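Contents: one structure, followed by commentary.
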Amino acid sequence: MSRIIGIDLGTTNSLAAVWQDGESKLIPNAFGEYLTPSVVSIGEDGTVYVGKTAKERLASYPDRTASVFKRFMGTSRKYTLGEKSYRPEELSAFVLKKLKEDAERYLEEPVEEAIISVPAYFNDMARNATKRAGMIAGLKVERIINEPSAAALACQNLNQEEDAMLLVFDFGGGTLDVSLVECFDNIIEIKAVSGDNQLGGQDFDDMIAGHFAKSLNLNYAEMKPETKAIIRKSAELCKRELTEKTAANMVVNCQEINNEIKITRKDVVKLCAPLFERIGKPVSRVFVDAQIASDQVGQVVLVGGSCKMPVVQQYLSYLLKREDIVTKEPDYMIALGCGVCAGIKERDKDIKDLLLTDICPFSLGVDVINEQDIYKPLMSFIIERNSPLPVSKENMYVNALDKQSRIRLKIYQGEAMYATENLFLGEISFDIPMMAAGQVQCFVRFTYDINGVLEVEAKIPLTKEEKKLVIVNKDLDMTQEEIEEKLKEFEKVKRPFADERNTYILEWGQRLFMQCSQEEMRNEILRRIQYFQHTISFDEYHLPKARKYLTVYFAYIEGLLNSYVGFADDALKDGAWYQEEDEEEREMETLFREWEEEKEDSGDNDER
Ligand code: ADP
Ligand code: MG
């Protein structure tokens with residue numbers, strides 16, 4: 001029998017685990033290490049280097065070496081390494097193959113199947129690209145697991161603690177994932193996820209590298225890729241040193257540059273102010289989405305290499321007003337959880353009744369007519385973001401026009417109010433009898449399962465016709481390109497002559513619509529946007545009043561969305577994250593406080 005392994009296919013590092021003797025165990029690579037850098041390099045003779053060796057070649061052969069390709073999974077981006085070009089999933093496949101070989105050597109048996117984790121908000125494109133990567137590497141991938149689910153599984157398994165609400169904060173090299181997870185009676189349920197897929201440890205490296213160049217009056221943007229890679233590498237080293245000490249020297253030694261500067265933790269706090277600010281956003285958003293107050297969280301679990309940074313830990317405990325944040329092997333949590341999941345899939349008797357409930361990280365729905373603007377159909381959500389999986393929901397639609405002869409259901413994924421701004425997944429259409437508007441009913445059922453397969457069933461009771469569409473995305477690339485093109489076209493036809501004040505209100509409303517995930521609130525916002533669009537078109541006289549009204553209303557919604565957790569102001573006053581350590585820490589605290597005040601001030605001005 002061949003084994004199933006669990007794989008944390010990370011942006012920066014990847015690792016594998018297996019269920020063995022009743023526990024999840026990490027699999028060492030050829031170096032006897034658990035972490036394999038997700039870096040691929042192609043030699044002049046066609047040799048493929050993966051992992052540590054390839055990482056070494058980043059600086060020496062930048063044009064033959066690729067890293068951070070996970071960020072572009074599911075997109076049409078290509079990497080040219082030497083003579084050939086590769087897609088992100090092909091590069092990922094090299095990494096997976098390496099992990100598979102290491103596992104086979106370690107386990108002394110064939111490995112043919114894997115469970116791979118992905119960030120919770122990977123869309124279907126990225127998830128399917130990940131599956132394809134597995135296939136190219138010779139691994140059957142039936143299940144993709146969300147990284148926060150995996151972390152929770154590892155936690156649950158390690159602690160045997162039940163009835164707990166966990167906040168999983170996963171800060172890796174290229175992505176930040178924040179999730180609320182509830183564990184009770186062997187059920188692990190993800191309540192909400194949020195994140196920033198363009199924020200990670202590498203952004204800190206870039207900031208430090210930029211600072212180095214700036215303080216020595218070097219033009220970073222115009223440097224050779226080799227030199228940049230070297231500077232970035234020493235920036236990362238310096239950052240890691242700052243995890244141990246409060247000050248470190250950043251040294252760069254290469255042909256062009258022989259220099260060093262001193263950097264302190266406080267410098268990092270100052271330099272990376274915009275990054276810290278971005279860290280706070282998804283944290284408050286998960287609380288709003290799950291409608292949970294921050295003090296209901298029993299445990300905060302830190303995952304990912306960037307969580308080792310003391311400044312990150314401090315900022316988080318400041319935001320959440322708590323000091324009991326768990327930092328137990330942040331590098332291994334996800335892989336260990338994937339190992340547990342592999343055990344579940346192998347139906348190991350020790351864990352057979354541990355149940356995994358995932359959530360749908362995005363909304364799914366169909367387009368419906370927009371009476372204000374027929375060229376911009378609206379999104380009608382059938383499955384709301386953060387619904388527990390598997391989920392099955394049905395909506396009823398009717399023909400919008402008299403004597404309409406067809407009903408076309410276009411299926412989209414995403415949070416935008418206008419359907420075409422979301423990701424198009426597929427289409428079902430029916431010929432219908434020509435009748436008065438509202439007379440022909442169409443029932444649409446969406447079923448979304450834990451493996452990310454969307455099943456759409458639609459029926460017209462009147463004609464007894466039924467159609468079914470299973471969306472696993474075979475021809476992804478085409479679809480993606482088509483959509484990107486459509487979006488571009490769409491952007492070009494923006495309406496001229498628009499009064500900027502009106503556009504601002506419409507944009508504001510749409511952003512709030514996207515930000516909030518409660519159906520009722522969403523509908524309220526939509527109604528007001530439509531009312532406002534109607535006023536713009538037909539009722540100029542009342543426009544100033546409508547603008548005023550909406551400004552007040554949106555500010556109110558904004559307040560609801562942001563104040564639900566309310567940590568920013570309170571933490572400010574009681575200074576909960578204040579830890580009497582040394583001079584350095586105190587100065588950092590003052591800095592954080594200053595930002596918060598600045599942020600508040602500017603926020604106030606925005607709304608008036
Ligand atoms: P990913 O999930 O993206 O593969 P990891 O969880 O492996 O990422 O985290 C990698 C990131 O963590 C890198 O940006 C790395 O610089 C950072 N990192 C790892 N160890 C440390 C440390 N001791 N101090 C600070 N940052 C660290
Ligand atoms: Mg990770």
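Please state which one of VAL18, VAL48 is farther than 25 Å from GLU147 by Cβ and aliphatic (A, V, I, L, M).
Being farther than 25 Å from GLU147 by Cβ and aliphatic (A, V, I, L, M) holds for just one of VAL18, VAL48, which is VAL48.
Just to be sure I understand, how many residues within the stretch 433-466 are in a loop (DSSP other than H, G, I, E, B), hydrophobic (A, V, I, L, M, F, W, C) and within 17 Å of LYS403 (Cα to Cα)?
Summing the residues that are in a loop (DSSP other than H, G, I, E, B), hydrophobic (A, V, I, L, M, F, W, C) and within 17 Å of LYS403 (Cα to Cα) in the stretch 433-466 gives 6.
Of the residues LYS78, LYS55, LYS70, which single one is crowded, with 21+ Cβ neighbours inside 10 Å, over 29 Å from ILE344 (Cβ atoms) and of a type in the set (D, E, K, R)? Working first, answer last.
Details: LYS78 fails: crowded, with 21+ Cβ neighbours inside 10 Å; LYS70 fails: over 29 Å from ILE344 (Cβ atoms).
Of LYS78, LYS55, LYS70, the one residue that is crowded, with 21+ Cβ neighbours inside 10 Å, over 29 Å from ILE344 (Cβ atoms) and of a type in the set (D, E, K, R) is LYS55.
Does the stretch 368-386 include one or more residues that are under 19 Å from GLU520 (Cβ atoms), assigned to a strand (DSSP E or B) and small (Gly, Ala, Ser)?
Yes, the stretch 368-386 contains a residue that is under 19 Å from GLU520 (Cβ atoms), assigned to a strand (DSSP E or B) and small (Gly, Ala, Ser).
Those residues that are at pLDDT 90 or above and more than 21 Å from the chain's Cα centre (by Cα), I need them from the stretch 326-340; list them, please. Talk me through it step by step, then tell me what you get.
Step one: of the stretch 326-340, the residues at pLDDT 90 or above are 330-339.
Matches in the stretch 326-340: GLY339 only.
Enumerate the pairs (first residue in the stretch 423-438 and free of Cβ contacts under 8 Å to residues at least 40 places away in the same chain; second residue anywhere and aliphatic (A, V, I, L, M) and not in a strand (DSSP E or B)) with beta-carbon separation below 7 Å, excluding pairs fewer than 6 apart on the same chain, so at least 6 apart or on different chains.
ILE432/VAL440; PRO433/VAL440; PRO433/LEU462; ALA437/ALA400; ALA437/LEU401
Taking LEU176, is it touching a residue at least 24 places away in the same chain (Cβ under 8 Å), crowded, with 17+ Cβ neighbours inside 10 Å and touching a strand residue (DSSP E or B) at 6+ places or on another chain (Cβ under 9 Å)?
Yes, satisfied.
Restricting attention to the stretch 132-146, which residues are among the small types (Gly, Ala, Ser) and touching a Leu at 6+ places or on another chain (Cβ under 8 Å)?
First, the residues of the stretch 132-146 that are among the small types (Gly, Ala, Ser): 133-134, 137-138.
The answer is ALA133, GLY134, ALA137.
Restricting the search to the stretch 293-325, which residues are among the aromatic types (Phe, Trp, Tyr), more than 16 Å from ligand 1 (Cβ to nearest atom) and under 22 Å from the mean Cα position of the chain (by Cα)?
Result: no residue meets the conditions.
Starting from residues that are in a strand (DSSP E or B) and of a type in the set (A, V, I, L, M, F, W, C), keep the ones in the stretch 260-284 and report whichever is nearest to PHE169 (Cα to Cα).
ILE263
Looking at TYR121 and the list (1) free of Cβ contacts under 8 Å to residues at least 40 places away in the same chain; (2) within 22 Å of LEU153 (Cβ to Cβ), which single condition is not satisfied?
(1)
Within the stretch 170-259, considering only strands (runs of 3 or more DSSP E) that don't extend past its boundaries, which have at least 2 residues that are within 16 Å of ligand 2 (Cβ to nearest atom)?
Details: elements: 176-184, 187-196, 247-253.
Here the list reads 176-184, 187-196.
Quick test of your reading of the structure: THR53 fulfils all but one of (1) more than 20 Å from the chain's Cα centre (by Cα); (2) among the hydroxyl-bearing types (Ser, Thr, Tyr); (3) assigned to a strand (DSSP E or B). Name the failing condition by number.
Exception for THR53: condition (3).
Taking VAL18 and the conditions (1) touching a Ser or Thr at 6+ places or on another chain (Cβ under 9 Å); (2) of a type in the set (A, V, I, L, M); (3) within 16 Å of ligand 2 (Cβ to nearest atom), which numbered condition does it fall short on, given that it satisfies the others?
(3)
Could you figure out which of (1) within 16 Å of ligand 1 (Cβ to nearest atom); (2) among the charged types (D, E, K, R); (3) over 18 Å from PRO310 (Cβ atoms) isn't true of ARG240?
(3)
Is there any pair with a first residue in the stretch 372-389 that is more than 14 Å from GLN413 (Cβ to Cβ) and a second that is in a strand (DSSP E or B) and of a type in the set (Phe, Trp, Tyr) whose Cβ atoms are under 6 Å apart and which are 6 or more apart or on different chains, and what are they?
Between residues of the stretch 372-389 that are more than 14 Å from GLN413 (Cβ to Cβ) and residues that are in a strand (DSSP E or B) and of a type in the set (Phe, Trp, Tyr), the close pairs are LYS376/TYR418.
Determine if the stretch 304-325 includes at least one residue that is outside any helix (DSSP H, G or I), modelled with pLDDT of 90 or more, surrounded by fewer than 20 Cβ atoms within 10 Å (Cβ to Cβ) and out of contact with any Pro (no Cβ under 9 Å at 6 or more places or on another chain).
Quick first cut of the stretch 304-325, residues outside any helix (DSSP H, G or I) only: 304, 309, 321-325.
If we keep only those that are modelled with pLDDT of 90 or more as well, we get 304, 309.
Checking which are surrounded by fewer than 20 Cβ atoms within 10 Å (Cβ to Cβ) leaves us with none.
No, the stretch 304-325 contains no residue that is outside any helix (DSSP H, G or I), modelled with pLDDT of 90 or more, surrounded by fewer than 20 Cβ atoms within 10 Å (Cβ to Cβ) and out of contact with any Pro (no Cβ under 9 Å at 6 or more places or on another chain).
Determine whether the stretch 155-162 contains at least one residue that is more than 16 Å from ligand 1 (Cβ to nearest atom), in a strand (DSSP E or B) and at pLDDT below 90.
no
For the stretch 109-116, does any single residue satisfy the condition of being assigned to a helix (DSSP H, G or I) and of a type outside the set (Phe, Trp, Tyr)?
no
Here's a check for you: in the stretch 23-42, which residue that is touching a residue at least 24 places away in the same chain (Cβ under 8 Å), more than 16 Å from ligand 2 (Cβ to nearest atom) and part of a loop (DSSP other than H, G, I, E, B) is surrounded by the fewest Cβ atoms within 10 Å (Cβ to Cβ)?
ALA30
Quick test for you: out of ASP358, ASP348, pick the one residue that is at pLDDT below 90 and farther than 24 Å from THR11 by Cα. Give the derivation first.
Numbers: ASP358 fails: farther than 24 Å from THR11 by Cα.
Going through ASP358, ASP348 in turn, the sole match is ASP348.
Would you pick out the residues in the stretch 88-119 that are within 14 Å of ligand 1 (Cβ to nearest atom) and either under 11 Å from ILE144 (Cβ atoms) or among the polar types (S, T, N, Q) (or both)?
Once the filter is applied, which keeps residues that are within 14 Å of ligand 1 (Cβ to nearest atom) and either under 11 Å from ILE144 (Cβ atoms) or among the polar types (S, T, N, Q) (or both), the stretch 88-119 yields SER92, ILE116, SER117, VAL118, PRO119.
Please identify the pairs in which a residue from the stretch 510-538 that is buried (at least 16 other Cβ atoms within 10 Å of the Cβ) has its Cβ atom under 7 Å from the Cβ atom of a residue that is aromatic (Phe, Trp, Tyr), counting only partners at least 6 apart or on another chain.
Listed pairs, sorted by first residue: LEU512/PHE554; ARG522/PHE513; ILE525/PHE513; LEU526/PHE513; ARG528/TYR553.
In the stretch 1-52, which residue that is polar (S, T, N, Q) and within 13 Å of ligand 1 (Cβ to nearest atom) is farthest from LYS70 (Cα to Cα)?
Taking the candidates together, the pick is THR36.
The values are calculated or read from the model by the stated rules, or taken from the named source; none is laboratory data. If you're wondering where the values come from, they're calculated on a predicted model, not measured in any experiment. Because the Cβ atoms are built from the backbone with ideal geometry, glycine has one as well, and the counts that use them run over all protein chains shown.
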